[in-house]
Amino acid sequence: MDAVYRKELRSYFSNMSGYIPIALILMMTGIFVKLYSLNYGYPQMEVALPNVTLVLLFAIPILAMRSFAEERRQKTDILLYSLPVTTGQIVAGKYFAMMTVLAVPCGIMLLIPFLMSMYGKVNLLMSICAVVAFYLLCAAMTAICMFMSSLTESQIIAAVISFITLLCLYASSMISEAIPTTPVASFISVTVMICLVGLIVYVFTKNYWIAFGVAVAGEIVALAFYLKDNTLYTGLAQKIISAISIFTRIDAFVTDQLFDMTAVVYYISIAFAFCFLTAQVVDKRRYN
Amino acid sequence: MIKCYILYIKQSKEDAILIEVRNLTKKYGDHTVVNHLNFTIESGKVYGFLGPNGAGKSTTMNMITGCLAPTEGQVLIDGHDIYDEAVEAKKSVGYLPEIPPVYPDMTPYEYLRFVAKAKGVKASEITESVFSVMEETGLTEMRNRLIKNLSKGYRQRVGIAQAMLGNPSLIILDEPTVGLDPRQITEIRELIARLGQTRTIILSSHILAEVSAVCDHVMIINNGNLVASDTLENIRRDNTPDNRLLMTVRGNLEGIKTLLSGMDGIRDFSVCRSDEKEDNVYDISIELEPDTDLSEKLFFAFANAKYAVRRLAKDEPSLEEIFLSLTESAQDDDDAVPESDGGDEDDGYDEEQADKSDEKEPDDGKNDDYVPLFSKKEDDD
């Protein structure tokens with residue numbers, strides 16, 4: 001793992017792919033901290049963070065797009081397979097290298113509250129916790145984007161599908177507001193979600209019948225619950241969407257001023273789950 | 001240039017079994033690329049793995065090194081299963097795939113350090129072992145250039161150097177001389193021969209000269225089946241059906257026929273007019289009794305009769321002919337099996353053929369995926 005980690009880290013800092021995400025994140029942080037803290041006088045820098053998350057939609061896909069796609073395109077994945085390292089070590093090495101790159105802007109962000117505390121009273125702990133949460137959000141997104149990169153041979157396609165996925169997650173709160181809370185509307189949204197799950201199953205198994213079976217089974221269960229007691233469906237779409245949304249969870253750290261353990265656990269679980277899936281996809285390549 | 005260094009001491013040249021391949025099969029959909037291969041690799045020999053393009057060479061190599069999972073069968077390296085005990089098994093193998101797996105944005109030195117570390121070379125020995133493989137492959141001067149700026153030949157060397165790191169007991173080289181210029185080919189062959197003195201090597205190729213130059217043992221694979229596995233001499237002997245002499249003689253047709261009919265030890269002969277423009281020049285094919293050599297007797301007999309012997313040679317099939325006959329006959333057998341009509345999902349297999357298709361020379365159309373052996377395009381940048 002150590003060898004892969006060092007190699008990856010070196011390559012991120014020997015070309016643009018490491019510096020661009022760092023620059024993007026720092027630029028947005030600078031702009032919003034200037035806006036909120038210097039122009040409006042908020043003492044806490046973390047109020048800028050929910051705005052900075054927007055730039056992660058670009059920064060993280062750029063960071064993660066080459067991780068596995070480029071190995072496949074250049075046929076260097078064969079080297080990794082032939083080395084006496086496990087797939088888990090390869091994935092972990094690459095993932096931690098990306099997290100190290102992201103630690104750079106987050107580390108620099110941590111300086112801001114200390115700088116501001118020189119000029120007034122700042123709740124340092126709150127700011128630090130918010131930056132930690134931001135870093136964990138980055139961790140979850142990086143794992144998702146790395147997974148997307150493992151699916152394709154083209155960096156561009158990896159970046160685009162990563163961006164679309166993150167955009168959907170980012171926009172999910174807005175989408176949920178647009179859906180009426182009535183049981184019928186929820187049932188329709190649940191149906192759409194089940195179809196999406198079926199589609200994802202098809203993409204991964206390439207088996208039409210399994211995907212179809214999953215979708216039909218899901219729909220039957222959903223329909224059964226709906227017919228039995230349709231009040232269960234009131235506001236269900238919103239609940240589901242807010243449960244899977246990764247962006248809104250950081251708000252608790254900023255607006256509610258609490259250290260939200262569920263968010264931390266959620267981010268770590270997402271990161272772990274997608275690292276695991278990446279390892280599965282990379283391992284499965286050998287069987288294609 | 002020959003450099004013995006400490007790392008090699010451990011190597012023993014006993015006839016221990018290093019690799020055992022059992023029933024190895026790879027199918028893409030309905031298409032069988034590798035069909036129930038069984039063979040063993042003994043340590044201390046140089047093996048040639050020979051076959052036309054698309055025969056399943058690369059697929060087999062990828063399966064032996066754990067880069068591709070077999071549909072069926074097992075590969076044991078030094079007693080370790082390549083899947084169940086992957087890390088242990090892979091430590092004994094250095095692999096150069098068909099395309100050298102190098103990172104263009106790294107220098108050879110950085111790259112080799114990375115590979116050495118990943119192969120578990122001790123931190124204190126990394127620098128030493130990287131420098132010694134660079135020395136052996138002639139990379140020392142190029143060590144600080146980016147790999148993307150290196151020529152194909154040097155990239156190939158980086159790939160070979162990578163395979164040598166960690167002192168594996170087995171080195172597998174998949175078509176190591178493809179795309180190199182003749183001088184580089186000679187150098188790489190010398191390197192392989194040198195490596196073969198201390199380690200076991202499997203060399204895949206479709207270039208016969210290469211295999212005959214460096215290999216102790218040859219395995220010929222065609223359409224995923226092992227059609228021959230023996231030393232080159234044995235393969236040649238087994239495929240030389242009868243004791244035959246070929247002659248070209250200028251003289252009188254009737255006289256030649258009488259002379260030959262009157263000689264002992266000749267089973268049969270045929271005389272036909274030679275292609276040469278002169279009159280009275282004949283090509284003669286003589287079938288001798290087994291284990292007799294009449295060449296000198298024939299020469300003096302013709303000389304006494306004042307017939308000029310222009311050529312006198314044993315009719316041994318060339319390696320190319322043996323290779324062709326082995327691979328073609330197997331192909332005919334395989335064509336009889338309806339299975340070989342090709343699936344849709346055999347991407348790796350077809351790509352391999354597609355890549356090579358531009359190297360094909362016009363053929364009689366009979367053996368579609370055969371590339372003439374010595375006319376391989378040798379381009380270099």
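Side notes on the structure shown:
- Residue in region B:48-63 that is more than 21 Å from the chain's Cα centre (by Cα), within 12 Å of another protein chain (Cβ to nearest Cβ) and of a type outside the set (Lys, Arg) present: no
- When A:Ile241, A:Ile246, A:Ile268 are checked against the criterion of being among the β-branched types (Val, Ile, Thr), outside any helix (DSSP H, G or I), away from every other protein chain (no Cβ under 14 Å) and closer than 27 Å to A:Cys129 by Cβ, a single residue qualifies: A:Ile246.
- Only a single item in (1) buried (at least 17 other Cβ atoms within 10 Å of the Cβ); (2) without any contact (Cβ under 8 Å) to a residue 12 or more places away in the chain is not met by A:Thr86, and it is number (1).
- For region B:92-114, the condition of being at the interface with chain A (Cβ under 9 Å from one of its Cβ atoms), part of a helix (DSSP H, G or I), closer than 26 Å to A:Lys284 by Cα and among the charged types (D, E, K, R) holds for none of the residues.
- For region B:133-167, filtering for residues that are in a helix (DSSP H, G or I), small (Gly, Ala, Ser) and buried (at least 22 other Cβ atoms within 10 Å of the Cβ) leaves 3.
- In the set (1) modelled with pLDDT under 50; (2) in a helix (DSSP H, G or I), the condition left unmet by B:Gly343 is number (2).
- Identity of the residue in region B:73-91, at positive phi and free of Cβ contacts under 8 Å to residues at least 60 places away in the same chain, that ends up nearest to the other protein chains (Cβ to nearest Cβ): B:Gly73
- Residue in region A:251-260 that is touching a Ser or Thr at 6+ places or on another chain (Cβ under 6 Å), surrounded by 16 or more Cβ atoms within 10 Å (Cβ to Cβ) and part of a loop (DSSP other than H, G, I, E, B) present: no
- Qualifying positions in region B:271-305 - part of a strand (DSSP E or B), free of Cβ contacts under 8 Å to residues at least 24 places away in the same chain and surrounded by 11 or more Cβ atoms within 10 Å (Cβ to Cβ): B:Val271, B:Arg273
- Every condition in (1) within 20 Å of B:Glu316 (Cα to Cα); (2) part of a loop (DSSP other than H, G, I, E, B) holds for B:Met263 except the one numbered (1).
- Evaluated against (1) assigned to a helix (DSSP H, G or I); (2) within 14 Å of chain B (Cβ to nearest Cβ), A:Thr100 falls short on exactly one condition, (2).
- Residue list for region B:306-325, restricted to those being assigned to a loop (DSSP other than H, G, I, E, B) and not acidic (Asp, Glu): B:Lys306, B:Tyr307, B:Pro317, B:Ser318
- Hey, A:Ile25 assigned to a helix (DSSP H, G or I), closer than 19 Å to A:Ser154 by Cβ and either among the β-branched types (Val, Ile, Thr) or within 16 Å of the chain's Cα centre (by Cα) (or both) or not: no
- The residues of region A:31-80 that are away from every other protein chain (no Cβ under 14 Å) and among the β-branched types (Val, Ile, Thr), listed by number, are A:Ile31, A:Val33, A:Val47, A:Val52, A:Thr53, A:Val55, A:Ile60, A:Ile62.
- One residue from A:Ser67, A:Ser117, A:Ser127 being free of Cβ contacts under 8 Å to residues at least 12 places away in the same chain and of a type in the set (Ser, Thr, Tyr): A:Ser117
- Scan of region B:115-127 for residues that are in contact with a Leu (Cβ under 8 Å, 6 or more places away or on another chain), of a type in the set (Gly, Ala, Ser) and more than 7 Å from every other protein chain (Cβ to nearest Cβ), ordered by number: B:Ala116
- Total residues in region A:200-218, condition more than 14 Å from A:Val281 (Cα to Cα) and over 23 Å from the mean Cα position of the chain (by Cα): 12
Yes/no per residue for (1) out of contact with any strand residue (DSSP E or B) (no Cβ under 6 Å at 6 or more places or on another chain); (2) among the aromatic types (Phe, Trp, Tyr); (3) within 17 Å of A:Val132 (Cβ to Cβ):
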{"site": "A:Tyr19", "(1), (2), (3)": "yes, yes, no"}
{"site": "A:Ile22", "(1), (2), (3)": "yes, no, no"}
{"site": "A:Thr29", "(1), (2), (3)": "yes, no, yes"}
{"site": "A:Tyr36", "(1), (2), (3)": "yes, yes, no"}
{"site": "A:Gly41", "(1), (2), (3)": "yes, no, no"}
{"site": "A:Glu46", "(1), (2), (3)": "yes, no, yes"}
{"site": "A:Leu56", "(1), (2), (3)": "yes, no, yes"}
{"site": "A:Pro61", "(1), (2), (3)": "yes, no, no"}
{"site": "A:Ala64", "(1), (2), (3)": "yes, no, no"}
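- Criterion: over 20 Å from A:Leu277 (Cα atoms) and surrounded by fewer than 18 Cβ atoms within 10 Å (Cβ to Cβ) - qualifying residue of A:Val216, A:Val190: A:Val216
- Of the numbered criteria (1) part of a strand (DSSP E or B); (2) out of contact with any Leu (no Cβ under 8 Å at 6 or more places or on another chain); (3) closer than 24 Å to B:Arg155 by Cα, the one B:Leu76 fails is (3).
The values are calculated or read from the model by the stated rules, or taken from the named source; none is laboratory data. If you're wondering where the values come from, they're calculated on a predicted model, not measured in any experiment. Here Cβ is always computed from backbone atoms with ideal geometry, including for glycine, and neighbour counts include all displayed protein chains.
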